[in-house]
Amino acid sequence: MAHVSYVPPRVWVWENENGGQFGGINRPTAGARFEKPLPVGTHPFQLYSLATPNGVKVTILFEELLELGIKEAEYDAFLIEIMEGDQFGSGFVNINPNSKIPVMVDRSNGHEVPVFESGAILLYLAEKFNAFIPEEPAKRAQCLSWLFWQVGSGPFLGGGFGHFYAYAPEKYQYPIDRFAMEVKRQLDVLNRHLETNTYVCGDDYTIADMAIWPWYGALVDGKLYEAAEFLQVDGYHNVARWSREIGRRKAVQRGKMVNRTWGEPSEQLRNRHDASDFELRTQDKLGDLT
């Protein structure tokens, strides 16, 4: 395949716009870009997020905790429009210097505890409420291993394959081939494991499932990057079976609606402040539940 090779300069220099869907918001520097306080609701937990796969992990866990009857897990979820740059406001950067969704603030003990990175939030909440994480040491180690498998593997699927296949301003064979190969390897890892396990940690549904499902479940369900045919995901039958099982859970169905701004109106709950918001949604309130 003929192509023009890129020769890296001796010193890399950032250009204001390098194209791609996220080119307009990405910069090589951190810190707040403007002053903007974050809204605060009335519940013990404040979540600032968007219903990307990483954001959905956390709202699923919150809804699962509430489904168990753990009222102390009530939360407010405020929409962060990442394409508008909300994550670079001073209030957001103060609680997450990395300027990525999701970020959570725990106010349940009378003082504020910020937690950022989706995997860290899952682990924090599971330990706080002693739910969806095994107590037995060997099973707990398995759960944490798979949780961090997703944390380490996800960037190959998202920032790697997803970027070069779906978002990059130009398509090049090498990065697409490289990351497609790795994503298929990851799917094979998961598919082989789920051949003899109902969930990722055997018979127990855990935060490992909640971390993995929004990425790899969406992929085998044909809902990620429109890449199902390209990656031939219909061959991963065990992953598909596992994904269907999780997708039928009521808490999962609610969780994936929170902070969602696309799809059918019936699939969206842009801001969430109470369980009744799922029933009381009307077209005029979809964007005005703050």
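The values are calculated or read from the model by the stated rules, or taken from the named source; none is laboratory data. Computed from a predicted structure; not experimentally measured. Note that each Cβ is placed from the backbone with ideal geometry, even for glycine, and that neighbours are counted across all protein chains shown.
Side notes on the structure shown:
- Qualifying positions in segment 237-252 - exposed (fewer than 14 other Cβ atoms within 10 Å of the Cβ) and either in a helix (DSSP H, G or I) or in contact with a helix residue (DSSP H, G or I) (Cβ under 9 Å, 6 or more places away or on another chain) (or both): His237, Arg244, Lys250
- Qualifying residue in segment 154-166 (condition: outside any loop (DSSP other than H, G, I, E, B), touching a strand residue (DSSP E or B) at 6+ places or on another chain (Cβ under 8 Å), buried (at least 21 other Cβ atoms within 10 Å of the Cβ) and among the hydrophobic types (A, V, I, L, M, F, W, C)): no
- Screening Phe132 against (1) buried (at least 17 other Cβ atoms within 10 Å of the Cβ); (2) in contact with a Leu (Cβ under 8 Å, 6 or more places away or on another chain); (3) at negative phi; (4) not in a helix (DSSP H, G or I) leaves a single unmet condition, (3).
- Val239 vs. criteria aliphatic (A, V, I, L, M), touching a residue at least 24 places away in the same chain (Cβ under 8 Å) and out of contact with any strand residue (DSSP E or B) (no Cβ under 9 Å at 6 or more places or on another chain): yes
- From the options Asp234, Asp209, Asp188, Asp177, residue that is in a helix (DSSP H, G or I), acidic (Asp, Glu) and closer than 23 Å to Ile60 by Cβ: Asp209
- Filtered residues of segment 157-176 (kept if at pLDDT 95 or above, closer than 17 Å to Glu226 by Cβ and over 20 Å from the mean Cα position of the chain (by Cα)): Ile176
- Pairs with Cβ under 7 Å, 6+ apart, first in segment 114-132 and in contact (Cβ under 8 Å) with a residue 24 or more places away in the chain, second part of a strand (DSSP E or B): Ile121/Met104; Ile121/Val115
- Failed item, numbered, when Asn26 is tested on (1) closer than 29 Å to Lys223 by Cβ; (2) touching a helix residue (DSSP H, G or I) at 6+ places or on another chain (Cβ under 6 Å): (2)
- Looking across segment 209-236, the residues that are touching a residue at least 40 places away in the same chain (Cβ under 8 Å) and β-branched (Val, Ile, Thr) come down to Ile212, Val233.
- Tally, over segment 253-267, of residues that are assigned to a loop (DSSP other than H, G, I, E, B), polar (S, T, N, Q) and either crowded, with 22+ Cβ neighbours inside 10 Å or at pLDDT below 95 (or both): 1
- Listed by position, the strands (runs of 3 or more DSSP E) contained in segment 1-112 that have at least 1 residues being surrounded by fewer than 19 Cβ atoms within 10 Å (Cβ to Cβ) and in contact with a strand residue (DSSP E or B) (Cβ under 6 Å, 6 or more places away or on another chain) are 103-106.
- Pick from segment 177-201, criterion among the β-branched types (Val, Ile, Thr) and surrounded by fewer than 18 Cβ atoms within 10 Å (Cβ to Cβ), ranking: nearest to the chain's Cα centre (by Cα): Val189
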